[in-house]
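In what follows, a structure is listed as structure tokens, so that the remarks can point back to it.
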Amino acid sequence: MIKFEWSILPEHVERTRRLVESKNDDPFVKARRGRNLAVEKPPITRDEFWTQMVACVLTSQQKGGPNDPVPRFIRQAPNPLTLDRCETQPYLAAYAAQTFCDFGGIRFANKPGKFLGENLSSVQGDTCQEISDALELVRTLQTLQSERSAAKLVARELQGVGPKQARNILQCLGLTRYVIPIDSRFAKWMAEMGAIISLEYLSNSDYYCCVEDGILTLCREASLPPDVLFPCVLDAAMYVSSDGDTWTDAAVAGYY
């Protein structure tokens, strides 16, 4: 397997601190801090899990900035792809694909539609209970191990969901602090600091965790006690810094 090696230098630590400090007042970053770093978190419902799964399957195909099609689709009220509505569809894959086409701007509508059709059973029955138990463990025991175990389970049980998308779902549910979705924008930022990531190998869980360990080390070194820099906050700062649009409080509330 391809290896990931990274020598974290003082200038990398300083650059990371500057990035996060520059985005501290952004509504998206503030929302991430408020939800993901909360000591007490509410239980996750099947409906919430389904909604974030839909969003994350879609954003694996295209951008997810505040004015892009996917967040606008998720912010619809009422949303045409709620769990209740999807459970009444005899041919969910076709219904979802047509819904995406009708909305416009959703790329490769048949592919995410197929994934939703295949994933419906994962929020029902024994599989649903296994995922619910893993989410509850993360909610009540906020550790790297519990987060990684939940991400691994979600990636295993859902179609169209790999290590990155599984972490995206958990993060958007407000559950995770340590595991984050590593995408091309993250890879570009890290490459500028000498950390070359193979996007192809990120589909491998072991390689993904190695890269994630490097980011965890960077965050620990960039922390300024008593404030701890958690990877989920770095991810939020990275996300908004590479986005041409500005997140508003209303956009954040509608999406998350």
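Points worth noting:
- Region 15-61 - residue that is touching a helix residue (DSSP H, G or I) at 6+ places or on another chain (Cβ under 8 Å) and of a type in the set (Asp, Glu) and, of those, least open to solvent (accessible area, probe 1.4 Å): ASP26
- Across region 176-192, the qualifying residues are those that are in a loop (DSSP other than H, G, I, E, B) and modelled with pLDDT of 90 or more, and the one among them that is farthest from the chain's Cα centre (by Cα) is GLU192.
- Residue within region 42-50 that is touching a residue at least 40 places away in the same chain (Cβ under 8 Å) and either on the phi > 0 side of the Ramachandran plot or of a type in the set (Val, Ile, Thr) (or both) present: yes
- Of all residues in region 124-143, exactly one satisfies the criterion of being touching a Lys or Arg at 6+ places or on another chain (Cβ under 7 Å) and either part of a loop (DSSP other than H, G, I, E, B) or open to solvent by 60 Å² or more (accessible area, probe 1.4 Å) (or both), namely GLN142.
- Test: residue in region 236-254 that is open to solvent by less than 30 Å² (accessible area, probe 1.4 Å), outside any helix (DSSP H, G or I), in contact with a helix residue (DSSP H, G or I) (Cβ under 9 Å, 6 or more places away or on another chain) and within 25 Å of LYS41 (Cβ to Cβ): yes
- Scanning region 144-165 for residues that are open to solvent by less than 50 Å² (accessible area, probe 1.4 Å) and without any contact (Cβ under 8 Å) to a residue 24 or more places away in the chain returns SER146, LEU153, VAL154.
- Any hit, region 217-230, residues being open to solvent by 10 Å² or more (accessible area, probe 1.4 Å), out of contact with any helix residue (DSSP H, G or I) (no Cβ under 7 Å at 6 or more places or on another chain), under 24 Å from LYS41 (Cα atoms) and part of a helix (DSSP H, G or I): yes
- Listed here are the helices (runs of 4 or more DSSP H) enclosed by region 20-76 that have at least 3 residues being farther than 17 Å from LEU116 by Cβ and modelled with pLDDT of 90 or more: 27-36.
- Total residues in region 77-108, condition open to solvent by 60 Å² or more (accessible area, probe 1.4 Å), part of a helix (DSSP H, G or I) and within 21 Å of ASN168 (Cα to Cα): 0
The values are calculated or read from the model by the stated rules, or taken from the named source; none is laboratory data. If you're wondering where the values come from, they're calculated on a predicted model, not measured in any experiment. Every residue, glycine as well, gets a Cβ built from its backbone with ideal geometry; the counts of neighbours run over all protein chains shown. Accessible surface is based on the protein model in full, side chains and every heavy atom, while ligands, DNA and RNA are left aside. Shrake-Rupley method; radii C 1.70, N 1.55, O 1.52, S 1.80 Å.
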